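Every number here is computed from the coordinates shown, using simple stated rules; none is lab data. Quick caveat, the model's predicted, so the values are computed rather than measured. Here Cβ is always computed from backbone atoms with ideal geometry, including for glycine, and neighbour counts include all displayed protein chains.
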Amino acid sequence: MTVVVMRGADLIGRPVVDGDTGNAIAEIRDVVFDASKGAITGFTLRKRGFLGSRMKQVLPLAAVVSVGTDAVMVTGSGSLVKADEAPADMDTERSANVIEDRVITESGRVLGIVRDVIVLGGSAPRIVGFEVSGGPAGDGIVSLGAHTALSGSALIVPDSYEHRMRSDLTGHAAELSLPDGVPE
Amino acid sequence: MIRFSELLGHDAVELGTAITVGKVTGIVLERDRIVSVELSAGVVPSTAVHGFDGDVLTFDPLLAVGSPKSLNEVIDPRGLKLLDMHGDCVGTIDDLIISPTGIIEAIELGDGHTVPGVRLRAVGNYAAILTVAPAPA
């Protein structure tokens, strides 16, 4: 198994495949993110194909078998649930949109703007960092560390993060000490 | 043993009457087993097939009575992606190696590698799915 670090944008359009049938039952439309927990809680979906429309069903994280380089695997068509029947922590209306949030150090220095989230794939997918650009520290990746605070408009990081921004996914994967880290 | 690509186009001949009723046009799989054979003239369950690896496909028409036409099932898996349950693409199916009894012994990939057929979990409209590989000894 290859543990994959990927940008959130790379997940968009990835097929959701039922491992019991081999059929693609949806495509990823967006990642649902709980800012208070710093965790992925599921995915919104769209129908497959060109200009696929948004689906009323969503994919809770608990139903995901694995997020891989080529597909998001589930088992059984019952993996998808209606949005209003999704787990409470998967509130797609209140999901934090961290894109365009400012990244600010505890001392108040703005490091840049969040351009994307960095997702660790596999059987327990989670957000492990943010891609940041447009600030004085240059473009890079900020790890989602224990001391990070996140609101609907800003990401607060320790002052030391100003000098810890990684410039690439490879470095970020290494920082996570992934045994088989092979970034896309 | 016979390759799926070789099986395609074989004449399908009824045992007992020796009548050629059509040609093999596809197969329907359930995990690593062929459950039915698509003919140009209909469908024959694999239980009626006498042997898959001959020069023609022979079958018992008495056991093939009432075989329904398969719907929305993959009859030619060549070209399908081969995914594992991690969501990683292992390759693209180039051909299948089929035993005389209709078991998929091996999956041949476009890059020349083969995967044991016993790992075949499902074949669908998007991909063929593999079970998780056993841990190396």
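Some points to look at:
- Distance from segment A:17-45 to segment A:64-132 (C-alpha centre basis), Å: 9 Å
- Per-residue ellipticity at 222 nm computed for the protein assembly as shown from its helices equals -1000 deg cm²/dmol, with DSSP H segments shorter than 4 residues left out and the rest contributing -39,500 (n - 2.57).
- Per-pair calculated FRET efficiency, R0 = 45 Å: A:Phe50 and A:Ser153 via Cβ, rounded to 0.05: 0.85
- Among the GluC sites (Glu not before Pro) found in segment A:57-132, those both in a DSSP coil and sparsely packed, with 11 or fewer other Cβ atoms within 10 Å of their Cβ, are A:Glu93, A:Glu100.
- Computed lengthening from B:Ser40 to B:Asp111, 0.36 nm per intervening residue step minus Cα-Cα distance: 22.4 nm
- Estimated from the Cβ-Cβ distance and a Förster radius of 35 angstrom, the FRET efficiency linking A:Ile12 and A:Ser107 is about 0.50.
- Label-point separation, B:Leu8 to B:Lys23 (7 Å along Cα→Cβ), nm: 1.1 nm
- Within the listed set B:Val21, B:Val44, B:Val115, the residue fluctuating most in the Gaussian network model of chain B (springs between alpha-carbon atoms under 10 angstrom) is B:Val21.
- Additional length obtainable on full extension of the chain from B:Thr101 to B:Cys89, 0.36 nm per residue less Cα span: 1.5 nm
- Between B:Glu30 and B:Val118, residue separation times 0.36 nm minus the direct Cα-Cα distance comes to 30.6 nm.
- Here the 3J(HN,Hα) profile of segment B:51-56, calculated from phi with Karplus coefficients 6.51, -1.76 and 1.60 at θ = phi - 60°, is x, 8, 9, x, 6, 9 Hz, Gly and Pro shown as x.
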